[in-house]
Amino acid sequence: MSFPHRTFKCPAKIIHSPLDTKAIAGESVLFFCQAEGNPLPRVVFRWNDNEITQNRPGLQFKELSADSVALRAKLEPNHNGDTVTCFAQNHVGSDSATAQISVYNANETKIGCNCDDNNNNNNNNNNNNNTNTVKGNCTTAESPY
């Protein structure tokens with residue numbers, strides 16, 4: 001059955017949501033969000049429930065298209081436990097998706113990352129400073145580029 005002169009309205013729905021992120025303090029990470037709906041929804045980011053629609057110190061916001069946005073953030077230790085929420089809304093409905101942020105100091109062990117212990121379980125090692133060195137990529141971010 002066809003409806004040639006009829007326009008269907010659809011609520012906003014997020015189709016690419018921001019990902020949970022683990023990073024070392026001082027690193028920059030990228031969050032991406034895209035939504036669909038009819039009419040096209042307005043898409044914004046919220047950092048701990050504060051709407052981000054323009055650049056701020058440590059945060060760069062970019063509208064990539066009418067239905068997608070990106071947010072680059074330089075993470076600091078006080079961002080540990082923060083959330084980034086993508087919120088999409090049109091007059092038919094709304095949708096949201098939230099990512100959790102974990103920020104570590106460079107000398108902490110990252111769970112789920114490729115990290116090696118300086119001591120390497122060798123008690124005869126003279127470099128026994130009880131710190132860990134991060135080796136590998138412990139940042140989870142997605143790029144729209």
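Figures for the structure shown
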quantity: Contact order relative to length of region 10-106, as percent, for alpha carbon pairs under 8 angstrom and 6 or more apart; calculated: 39 percent
quantity: Most to least packed among 62-68, 10-16, 52-58 [average Cβ atoms within 10 Å]; calculated: 10-16, 62-68, 52-58
quantity: Rotationally averaged projected area of region 10-106 (alpha carbon convex hull; nm²); calculated: 5.5 nm²
quantity: Vicinal HN-Hα couplings computed from phi for region 13-20 (Karplus, 6.51 cos²θ - 1.76 cosθ + 1.60; Hz; Gly/Pro x); calculated: 9, 6, 10, 9, 9, x, 9, 4
quantity: Summed side-chain charge close to Q89 - residues other than Q89 whose Cβ falls under 9 Å, Lys, Arg +1, Asp, Glu -1; calculated: 0
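Every number here is computed from the coordinates shown, using simple stated rules; none is lab data. The shown structure was predicted, so the numbers you read here are calculated from the model rather than taken from an experiment. A quick note on method: Cβ atoms are made from the backbone with ideal geometry, for glycine too, and the neighbour counts reach across all protein chains shown.
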